[in-house]
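See structure below.
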Amino acid sequence: MLQVEGLAKSFGGFKAVAEARLHVPKGQVAAVIGPNGAGKSTLFNLITGHLKPDAGRIVFKGKDITALAPHQVSRLGVSRSFQLLNVFPRLTVFENVQVAVLARLRQSGKMFTPARKLVVTETTEVLDKLGLTAYADRLCTSLSYGDQKVVEIAISLGSSPELLLLDEPTAGMSPEETRTIVQLIKNLSGSEGLTILLTEHDMDLVFDVAQRIMVLHQGMTIAEGRPEDVKKDKAVQNAYLGETG
Ligand code: ADP
Ligand code: MG
């Protein structure tokens, strides 16, 4: 579904991403791991068109999306959440998701009167899927950080993506909130058949949830493949597992 080859991005001479490659098969959960500063968020910004690469190629469903703008990438079916919380604090949970559904319908030209009903149906569906129905009328700010993060994922799903990118979805979460997110990711990929690419620095979580792993070290892909193979990789053991114990 997604293929990244030879991707590079420098910020004033500093190579944040260099020679990154990645392969995300349809229907799988794939993870990019690496310590802080490895280039994970930059890689995501390149994939979603928020940054332009200096070199390399990004192919989504057989189409070269390397030079596309964020709204074009989104329209093709790629949605993302950010590392920092990104919800409208003064809107309710329902309204937050509704905005995303509306944006997609407007793009697809379905914004005539019956669309109103369609928006409510689709928004309700997304809230149901993520277990947020009971919170529908609450202001986002009144929820716990973990629940707000789930709302953010609901917003990402509002655009009906085929590929969902989650940038450190469990950052700053308690162990219990982390378990909720992990279960959610498994459900979305399992029963919903969504393809998911996430970044994470917690090794254990990644090996629990991902069927494919890419290890980023100082902007470079040092290993990519099935978890059991990545775990055995000498370069990974030296560069990453060694550092974190
Ligand atoms: P990660 O998400 O893996 O923690 P980032 O992609 O955020 O890593 O950052 C990789 C490196 O690139 C870091 O050293 C960071 O300081 C640098 N960097 C990221 N974005 C910018 C930017 N817009 N300008 C300059 N340096 C940046
Ligand atoms: Mg990051």
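What follows draws every value from the coordinates through simple rules; no lab data is involved. These numbers were taken from a predicted model, which means no experiment stands behind them. Using ideal geometry, Cβ is built from the backbone for each residue, glycine included, and neighbour counts are taken over all protein chains shown.
Some notes on this structure:
- Beta bridges from DSSP with both residues in the chain: antiparallel share about 55 percent, rounded to the nearest 5.
- Cβ charges +1 (Lys, Arg) and -1 (Asp, Glu), total dipole of the stretch 169-245, debye: 220
- Once exposed loop trypsin sites (Lys or Arg not before Pro) are cut out (DSSP; at most 16 other Cβ, 10 Å), longest piece of the chain: 139-245
- Note on the chain: with a GNM built from Cα contacts shorter than 10 Å, the maximum mean-square fluctuation among Asn45, Asn36, Asn96 falls on Asn36.
- Listed values for the stretch 98-104 are Karplus-derived 3J(HN,Hα) couplings in whole Hz (6.51 cos²θ - 1.76 cosθ + 1.60, θ = phi - 60°), namely 4, 4, 5, 5, 4, 4, 5, and x replaces Gly and Pro.
- Relative contact order [Cα under 8 Å, 6+ residues apart], the stretch 36-104, whole percent: 23
- Long-range HN-HN contacts of Leu165 with modeled amide H, under 5 Å: Ser79, Arg80, Ser81, Leu197
- Using a cut-off of 22 Å between Cα atoms, the listed pairs Lys61/Lys231; Lys15/Lys61; Lys26/Lys63; Lys15/Lys52; Lys9/Lys40; Lys129/Lys231 include Lys61/Lys231; Lys15/Lys61; Lys129/Lys231 as exceeding that distance.
- Taking amide H positions as modeled 1.01 Å from N, with prolines and chain starts lacking one, the residues under 5 Å from Leu91 and 5 or more places away or on another chain are Cys140.
- Residues whose amide H lies under 5 Å from that of Ala18, counting only those 5 or more places away or on a different chain, are Lys9, Met220; hydrogens are built 1.01 Å from N in the peptide plane.
- Summarising the label geometry, the points placed 7 Å from Cα in the beta-carbon direction at Thr141 and Lys15 lie 4.5 nm from one another.
- For chymotrypsin sites (Phe, Trp or Tyr not before Pro), the sites in the stretch 76-185 that DSSP calls loop and that have at most 13 other Cβ atoms within 10 Å are Phe112.
- Degrees between helix 115-129 axis and first principal axis of the chain (Cα, 0 to 90, nearest 10): 50
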